[in-house]
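Take a look at the structure below.
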Amino acid sequence: MRQLIYVPVIHSEADMGSMAEPLKKEFTEQFGVHVWKEHVKAVDEMWEGIAKKLNGTAFNVSQVRIYQDGLPICGREMDIVRDVAAQGSQNHRLVLSLVERGAHLEGSEDAKLLLKEYHYIKAITDEPDAKRKLRKARWLRWPRKWLLIQRDRFMARRIAQTLKEGETGVLFAGLTHRIDKYLPKDIKVTYLISRLPFKR
């Protein structure tokens with residue numbers, strides 16, 4: 001049997017790379033610095049809870065494969081995880097700790113699709129005029145939605161191709177993803193945090 005532990009996440013500032021600053025600026029302009037600080041605190045607490053729950057899960061770590069949204073198949077997966085962990089990402093620190101204990105890290109995404117997503121976000125955040133920014137965000141809503149489906153299908157195929165019989169996969173994916181919808185039926189999916197809206 002193949003198993004997958006689905007870990008729903010909210011990405012932190014460190015996870016956002018070069019887009020962190022413009023996204024933070026946009027958030028604080030819309031909601032205020034106080035709300036941003038509350039958001040950062042909530043994300044930190046979420047990661048503490050995820051780490052505690054995952055570290056308390058019984059599995060043979062040498063039979064675990066790690067999948068991370070936003071991590072392209074590129075041959076430099078460990079370098080990326082180390083770099084983002086060093087920048088303060090609790091997500092990538094947890095991934096790194098699992099790999100250091102013997103888990104296998106898998107590149108999970110198509111780099112071309114990730115680049116497309118980056119250009120969509122940049123097109124919105126780079127727009128200086130507020131009304132045009134809103135129009136651009138609305139105009140890109142459906143292309144971005146379709147792109148997310150493409151990314152989810154790609155990650156589901158990647159998991160199906162690489163997760164072997166008797167192994168457990170651990171998938172870290174943002175709340176907007178629905179990768180579980182596209183996985184083959186022989187992969188038993190469990191949800192680390194069952195109250196989040198993954199079982200619809």
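The values are calculated or read from the model by the stated rules, or taken from the named source; none is laboratory data. Please read these numbers as outputs of a predicted model, since none were measured by experiment. Neighbour counts are summed over all protein chains in view; Cβ atoms, including those assigned to glycine, are modelled from backbone coordinates with ideal geometry. What goes into the accessible areas is simple: the full protein's heavy atoms, side chains included, and nothing from ligands, DNA or RNA. Shrake-Rupley method; radii C 1.70, N 1.55, O 1.52, S 1.80 Å.
Checking Ala123, Ala86, Ala111, Ala130 one by one, the residue that is touching a Cys at 6+ places or on another chain (Cβ under 8 Å) and surrounded by fewer than 17 Cβ atoms within 10 Å (Cβ to Cβ) is Ala111 and no other.
Yes/no matrix, rows are residues, columns are (1) within 16 Å of the chain's Cα centre (by Cα); (2) in contact (Cβ under 8 Å) with a residue 40 or more places away in the chain:
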{"site": "Lys136", "(1), (2)": "no, no"}
{"site": "Leu148", "(1), (2)": "yes, no"}
{"site": "Phe154", "(1), (2)": "yes, yes"}
{"site": "Leu163", "(1), (2)": "no, yes"}
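None of Glu117, Glu106 is within 24 Å of Asn60 (Cβ to Cβ) and under 17 Å from the mean Cα position of the chain (by Cα) except Glu106.
Annotation note: of Ile121, Ile149, Ile187, Ile193, the sole residue that is among the β-branched types (Val, Ile, Thr) and more than 27 Å from Val43 (Cα to Cα) is Ile187. Every listed requirement among (1) basic (Lys, Arg); (2) open to solvent by 80 Å² or more (accessible area, probe 1.4 Å); (3) closer than 19 Å to Thr176 by Cβ is met by Arg101 save one, (3). Looking only at residues in region 60-81 that are of a type outside the set (A, V, I, L, M) and over 23 Å from Leu175 (Cα atoms), which one is most open to solvent (accessible area, probe 1.4 Å)? Out of the qualifying residues, it is Arg76.
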